[in-house]
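One structure is given here, and the rest of the page talks about it.
The values are calculated or read from the model by the stated rules, or taken from the named source; none is laboratory data. Keep in mind the model is a prediction, meaning the values are calculated, not measured. Note that each Cβ is placed from the backbone with ideal geometry, even for glycine, and that neighbours are counted across all protein chains shown. The area values use the complete protein model at the heavy-atom level, side chains included, leaving out ligands, DNA and RNA. Shrake-Rupley method; radii C 1.70, N 1.55, O 1.52, S 1.80 Å.
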Amino acid sequence: MANFGTNEVVSGMVRIYYREGKQIKRETDVREISHLKAILWIDLQSPSQEEEEWVETKCDISFQTPQEIVEIESSSRYFEQNNTINANSNFLKINADGYGIYPVSILIREGVLFTYRSGDSKTFADTVRKMKVSQETFQSGVDMLLLLLETRIESDADVLEGLSRDISNISKDLNREQKAKQEILLKINMMQENTMLLRETIIDKQRVLSGILRSQFFPEDRKERLRIVLKDISSLLEYSTFNFERLEYLQNTFMGLINLEQNQIIKIFTVFTIIFMPPTLIAGIFGMNYTVLPSSSHPYGFWFSLLLMAFSMAGMWFFFKRKHWI
């Protein structure tokens, strides 16, 4: 059983998790690294330059620069150097402004896990919380890495399920209202962006973990558990593809409704234009200033022309109704 104090999440600090007997304890003073044995995980969250240099010197490692961490080239996302596994992966974050990503640098050297990140993260807090209640015996930093990855995949799965529920709600709203609204289209576009961003982070982790699986520095007895994580990632990718296809279907449905509304409007204008054509023709004929017109000098000629126009409109209206055009 792990043993921790309170205030698990503190901004801008270094957390050192080490095993003491059967317990896992935490230290936040980097100067104690030299005196600690059985170190499992050193988590650097927005560390100061002095803290970062102290960890690098005492542990004989070298962290990448922030610019190198966010590089998208495969050679920058994963590489092995000096018996050290170096991997960079993007984790999903959800805030008030929507979805975003934050980079996490992961190093494994001699059984110790090093993580370097900027800012707070719910994934890391959840991982620590699982460590507190877990009955598992953590032998090395590799076990910590697997727990961290499993926690992240579970979180991604929850996000996907939430997106799926939102998509279902939009589909119900569209079927219930049966008319296109700008707000619905904006929601669909936003969900497409969120789904693509989530899929991007999942693919990124799949690429990194595939590299770790091939590494000779990763313990063979832990690779089966890593394969299970990769299978979970593949399932999430299939799920995200399904969600994206549903969003495309909803978008096509939305555009179809817009076309129907436009066609209906055009149909109404066309029908009324044709209905008013005979009265317009009659009005044009009776408006000619010729003495040969039979109604030009008749006292009821004006009312006769109006009645004739009204009958012509009614006749056209009745004709369209019988044809079911209106």
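With the convex hull drawn around the C-alpha atoms of region 146-214, the volume per residue stands at 72 Å³. Highest GNM mean-square fluctuation among 306, 213, 197, for the chain modelled with Cα contacts below 10 Å: 306. If you line up the long axis of helix 277-286 against the longest principal axis of the chain, both from Cα atoms, how many degrees apart are they, to the nearest 10? Around 30 degrees separate the two axes. From the alpha carbon centroid of region 143-169 to that of region 11-42 is 28 Å. Dividing the summed -39500 (n - 2.57) terms of all DSSP H runs of n ≥ 4 by the residue count of the chain sets its mean residue ellipticity at 222 nm at -19500 deg cm²/dmol. Determine the per residue accessible area of the chain with all protein chains present and a 1.4 angstrom probe, expressed in square angstrom. On a per-residue basis, 58 Å². Ordering 212, 251, 285 by Cα displacement along the dipole of region 202-326 toward the positive end leaves 212 in first place; charges were set at the Cβ atoms of Lys, Arg (+1) and Asp, Glu (-1). Against the main long axis of the alpha-carbon atoms of the chain, helix 301-322 sits at an angle near 40°.
Taking the longest Cα principal axis of the chain as reference, the axis of helix 122-133 is set at about 50 degrees. Heavy-atom accessible area, probed at 1.4 angstrom with all protein chains present, ranks 309, 255 as 255, 309, highest first.
Surface composition of region 188-321: carbon plus sulfur atoms hold 67% of the accessible area, using a 1.4 angstrom probe and ignoring ligands, DNA and RNA.
You can think of it this way: the chain between residue 197 and residue 285 has 24.9 nm of extra reach, that is 0.36 nm per residue less the Cα-Cα gap. Here's the picture: a label point sits 7 Å out from the Cα of residue 71 along the beta-carbon direction, and within region 78-106 the residues with their amide nitrogen under 20 Å of it are 78-91, 102-106. Labels on offer are (i) 34, 23, 20; (ii) 74, 18, 17; (iii) 29, 24, 18, and the one holding semi-axes √(5λ) of the Cα gyration tensor in Å computed from this structure is (ii). With K and R counted +1 and D and E -1, the other residues having a Cβ less than 11 Å from that of residue 101 yield a net charge of -1. Ligands, DNA and RNA left out, the 1.4 Å accessible surface of region 75-149 is 47% carbon and sulfur atoms.
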